[in-house]
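The values are calculated or read from the model by the stated rules, or taken from the named source; none is laboratory data. This is a predicted model, so every value here is computed, not measured. Note that each Cβ is placed from the backbone with ideal geometry, even for glycine, and that neighbours are counted across all protein chains shown.
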């Protein structure tokens, strides 16, 4: 078995109920940067509030799939994170 194979995790926009318009405001991390579990990665805005989406697991942000200014919906994949080796 190849021990160099790394696992990826998807950063998803969580279910926000009946919110219709969700906009990516700012990425707080850049590709290549390390993120900790629970660390804020991206700021989003709805009609009523602005809040952050946090990384669920520790790793390296490898790719941003939705750029600032884009409109997204619950469940959309926002980015990919290469998980930290155990």
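Of the numbered criteria (1) at pLDDT below 95; (2) more than 17 Å from residue 77 (Cβ to Cβ), the one residue 15 fails is (2). Annotation: of all residues in the range 34-47 being in a loop (DSSP other than H, G, I, E, B) and in contact (Cβ under 8 Å) with a residue 24 or more places away in the chain, the one that is surrounded by the most Cβ atoms within 10 Å (Cβ to Cβ) is 46. For the range 57-73, the condition of being within 11 Å of the chain's Cα centre (by Cα), farther than 11 Å from residue 27 by Cβ and in contact (Cβ under 8 Å) with a residue 40 or more places away in the chain holds for at least one residue.
Can you say whether residue 79 is in contact (Cβ under 8 Å) with a residue 24 or more places away in the chain, on the phi < 0 side of the Ramachandran plot and assigned to a loop (DSSP other than H, G, I, E, B), as far as the supplied structure shows? Outline the logic, then answer.
Numbers: in contact (Cβ under 8 Å) with a residue 24 or more places away in the chain: yes; on the phi < 0 side of the Ramachandran plot: yes; assigned to a loop (DSSP other than H, G, I, E, B): no.
No, not satisfied.
Just one of the numbered conditions (1) on the phi > 0 side of the Ramachandran plot; (2) modelled with pLDDT of 95 or more is not true of residue 42: (1). For the range 48-74, the set of residues classified as touching a strand residue (DSSP E or B) at 6+ places or on another chain (Cβ under 6 Å) and part of a loop (DSSP other than H, G, I, E, B) consists of 55, 57, 65, 66, 68, 70, listed by residue number.
Checking 20, 10, 29 one by one, the residue that is touching a residue at least 12 places away in the same chain (Cβ under 8 Å), assigned to a loop (DSSP other than H, G, I, E, B) and surrounded by fewer than 16 Cβ atoms within 10 Å (Cβ to Cβ) is 20 and no other.
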